[in-house]
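Chemist: Quick one: structure below, then a few questions.
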Amino acid sequence: MTRILESSDAPSAGADTKPQLMKAIAVFPGRPDSVHLAQLPKPRVSDIPGGRGVLVKVLRVGVDGTDKEINAAEYGAAPEGYDFLVTGHESFGRVEAVGENVTELRPGDYVVATVRRPGKSLYDLIGTYDMTTDDTYFERGINLRHGYLTEYYVDDPEYIVKVPAGLKQVGVLLEPLTVVEKGITQAYEIQRRLRVWRPRRAAVVGAGTVGLLATLVLRLRGLEVTTFGRTPRPYLNSDLVEALGARYETTVDLPLVEGARKHGPFDLIFEATGFSPIAFEAMQALGKNGVLVLSSVTGGDRKVEIPSDRINLEFVLGNKVMVGTVNANREYFETGVRDMAHSEADYPGWLARLLTHPVKGLENYAELFDKLTHAKGAIKVYMQVAED
Ligand code: BGC
Ligand code: ZN
């Protein structure tokens, strides 16, 4: 389906100047399979008050399960005043222009933008908008704010993080990496309760983009890692796990709880399968004093039977912790950049191997979503919006 939005449908940029139009990939939230090409006025540096605008030319945008759910009408909302939502939250671009009061960035810098924008809670006010307690949250490309699958965006430098030019080939992986950085940082913060915590063994459940990036970050922290996936080895994902010096196991042969007996005890488990029943298996696979990080956004309504007495008893007797994690604030983007550099030093070329499925040109939105839903062996599907 294609719909071109006339400039008269969109908020006008001023009666005297005719805005330049640009293409964008959008959906009509609530209508399944509504991905289409829209047109929007090109943003300007002056859209952000106080001379604080940063205009970014979009180069690449990754897509993930969240985008799949948004196009399936299971998730996502349009900004106020629009019936469509520009999708895309995993951005990578180059600064084109900055306002007179921007000192942090300059034209030519490579950048990635954060996803969530602050609401009203205390956590939002101190820059930790990823921890908001507001019921309504604002996320570019996901909820109530347009995203990055377009030619340009403008924002405040507070939400834009510089990526060194040496990482430009893999910069589009920064946003999914930040989700991992937040989860693992939070786990370490929580474990300060133990006074002394020397985690040795970790399990990652799920071997998709987030699972692979969690394996990387835990290896960079020096842990022995076992990554569990569904697909039997060898295949690209298990090769990538092994290239990090981690172990790959398929849950078909070795269910998680048995895996813990064989390769544990696990001091930390990072769950990233998108399949909620596994969370309860992970609870049973966690070692004493361990921490379980849950990161799967599961929009469905699935129900399962679980051995509740046993899970509860072992959690209580083992002083275990389980924590949910979503989104990431600026701090985790900065940590992510450092870990990307660390990764290139320890495992050169590893990150680029995740970029399996490029699609060129916003007009090929159908191909992008087709690959996202159907491509066999895909790790990261992304749109090459423009050449550098
Ligand atoms: C995004 C996060 C976001 C979450 C929930 C994920 O796909 O990467 O930034 O907070 O979806 O909307
Ligand atoms: Zn995402």
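The values are calculated or read from the model by the stated rules, or taken from the named source; none is laboratory data. Worth saying up front: this structure is predicted, and the values here are computed from it rather than measured. Neighbour counts are summed over all protein chains in view; Cβ atoms, including those assigned to glycine, are modelled from backbone coordinates with ideal geometry.
Chemist: Kindly check whether there is at least one residue in the range 286-293 that is modelled with pLDDT of 95 or more, assigned by TED's automatic domain parsing to the domain that holds R193 and at positive phi.
Modeler: The answer is yes; a qualifying residue exists.
Chemist: Every residue in the range 25-52 that is under 24 Å from the mean Cα position of the chain (by Cα) and part of a loop (DSSP other than H, G, I, E, B), please.
Modeler: Answer for the range 25-52, where residues must be under 24 Å from the mean Cα position of the chain (by Cα) and part of a loop (DSSP other than H, G, I, E, B): F28, P29, G30, R31, P32, D33, S34, V35.
Chemist: From the list E249, E175, E158, which one is crowded, with 21+ Cβ neighbours inside 10 Å, charged (D, E, K, R) and within 24 Å of V111 (Cβ to Cβ)?
Modeler: Among E249, E175, E158, only E175 is crowded, with 21+ Cβ neighbours inside 10 Å, charged (D, E, K, R) and within 24 Å of V111 (Cβ to Cβ).
Chemist: Continuing with this model, one more query. Which ones in the range 67-94 are crowded, with 19+ Cβ neighbours inside 10 Å and either within 15 Å of A26 (Cβ to Cβ) or not assigned by TED's automatic domain parsing to the domain that holds I25 (or both)?
Modeler: Correct list: D67, I70, N71, G76, A78, Y82, F84, L85, V86, T87, G88, H89.
Chemist: Here is a list of conditions, (1) surrounded by fewer than 16 Cβ atoms within 10 Å (Cβ to Cβ); (2) touching a Pro at 6+ places or on another chain (Cβ under 9 Å), and A97 meets all of them except one; can you say which number that is?
Modeler: In the conditions (1) surrounded by fewer than 16 Cβ atoms within 10 Å (Cβ to Cβ); (2) touching a Pro at 6+ places or on another chain (Cβ under 9 Å), A97 misses (1) alone.
Chemist: Those residues that are in a loop (DSSP other than H, G, I, E, B), of a type outside the set (V, I, T) and more than 16 Å from ligand 1 (Cβ to nearest atom), I need them from the range 88-115; list them, please. Write out each step before concluding.
Modeler: Let us first name the residues in the range 88-115 that are in a loop (DSSP other than H, G, I, E, B), namely 88-89, 99-109, 114-115.
Okay, now just the ones that are also of a type outside the set (V, I, T), so 88-89, 99-101, 104-109.
Passing the criteria: G99, E100, N101, E104, L105, R106, P107, G108, D109.
Chemist: Regarding the range 335-345, can at least one residue be identified that is of a type in the set (S, T, N, Q) and in the same structural domain as D33 (by TED's automatic domain parsing)?
Modeler: Filtering the range 335-345 for residues of a type in the set (S, T, N, Q) gives 335, 343.
Now narrow it down to the ones that are in the same structural domain as D33 (by TED's automatic domain parsing): none.
So far as the range 335-345 goes, no, none of its residues is of a type in the set (S, T, N, Q) and in the same structural domain as D33 (by TED's automatic domain parsing).
Chemist: Now for a different question. Given the criteria under 17 Å from the mean Cα position of the chain (by Cα) and of a type in the set (K, R), does R145 qualify?
Modeler: On the way: under 17 Å from the mean Cα position of the chain (by Cα): yes; of a type in the set (K, R): yes.
In short, yes.
Chemist: For the range 280-298, what are the residues that are of a type outside the set (V, I, T) and over 16 Å from the mean Cα position of the chain (by Cα)?
Modeler: Restricting attention to the range 280-298, the residues satisfying the condition of being of a type outside the set (V, I, T) are 280-290, 292, 294-296.
The answer is F280, E281, A282, M283, Q284, A285, L286, G287, K288, N289, G290, L292.
Chemist: Looking only at the range 130-143, how many residues end up being within 16 Å of ligand 2 (Cβ to nearest atom) and of a type outside the set (G, A, S)?
Modeler: Of the residues in that region, 7 qualify.
Chemist: Answer with yes or no whether S295 is in contact (Cβ under 8 Å) with a residue 24 or more places away in the chain and under 25 Å from E139 (Cβ atoms). Reasoning before the result, please.
Modeler: Details: in contact (Cβ under 8 Å) with a residue 24 or more places away in the chain: yes; under 25 Å from E139 (Cβ atoms): yes.
Spelling it out, S295 is indeed in contact (Cβ under 8 Å) with a residue 24 or more places away in the chain and under 25 Å from E139 (Cβ atoms).
Chemist: Sort out which residues of the range 353-388 are out of contact with any strand residue (DSSP E or B) (no Cβ under 7 Å at 6 or more places or on another chain) and under 16 Å from S91 (Cα atoms), and write them in order of number. Let's see the steps before the verdict.
Modeler: Applying the first criterion (out of contact with any strand residue (DSSP E or B) (no Cβ under 7 Å at 6 or more places or on another chain)) to the range 353-388 yields 353-354, 356, 361, 364, 366, 369-370, 373-374, 376-377, 379, 387.
Residues satisfying the conditions are L354, G361, E387.
For every residue, the table says whether it meets (1) assigned by TED's automatic domain parsing to the domain that holds G299; (2) surrounded by 22 or more Cβ atoms within 10 Å (Cβ to Cβ); (3) within 24 Å of E305 (Cβ to Cβ).
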| residue | (1), (2), (3) |
| --- | --- |
| A203 | yes, yes, yes |
| E224 | yes, no, no |
| T227 | yes, yes, no |
| G245 | yes, no, no |
| I269 | yes, yes, yes |
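Chemist: May I ask you to verify whether I25 is among the β-branched types (V, I, T) and within 16 Å of ligand 2 (Cβ to nearest atom)?
Modeler: Working: among the β-branched types (V, I, T): yes; within 16 Å of ligand 2 (Cβ to nearest atom): yes.
Taking the combined requirement at face value, the residue satisfies it.
Chemist: Filter the range 121-173 down to the residues that are more than 16 Å from ligand 1 (Cβ to nearest atom), in contact (Cβ under 8 Å) with a residue 40 or more places away in the chain and not in a strand (DSSP E or B) and list them by number. First the steps, then the outcome.
Modeler: As a first pass, look at the range 121-173 and keep what is more than 16 Å from ligand 1 (Cβ to nearest atom): 122, 125-126, 150-152, 154, 156-158, 162-170.
Pick out the ones that are also in contact (Cβ under 8 Å) with a residue 40 or more places away in the chain and you get 150-152, 154, 156-158, 162-170.
The answer is E151, D156, P157, E158, P164, A165, G166, L167, K168, Q169, V170.
Chemist: Only one of these is touching a residue at least 60 places away in the same chain (Cβ under 8 Å), away from ligand 2 (no atom under 16 Å from the Cβ) and in contact with a Gly (Cβ under 8 Å, 6 or more places away or on another chain): L85, L55, L59. Name it.
Modeler: Every option except L59 fails the conditions.
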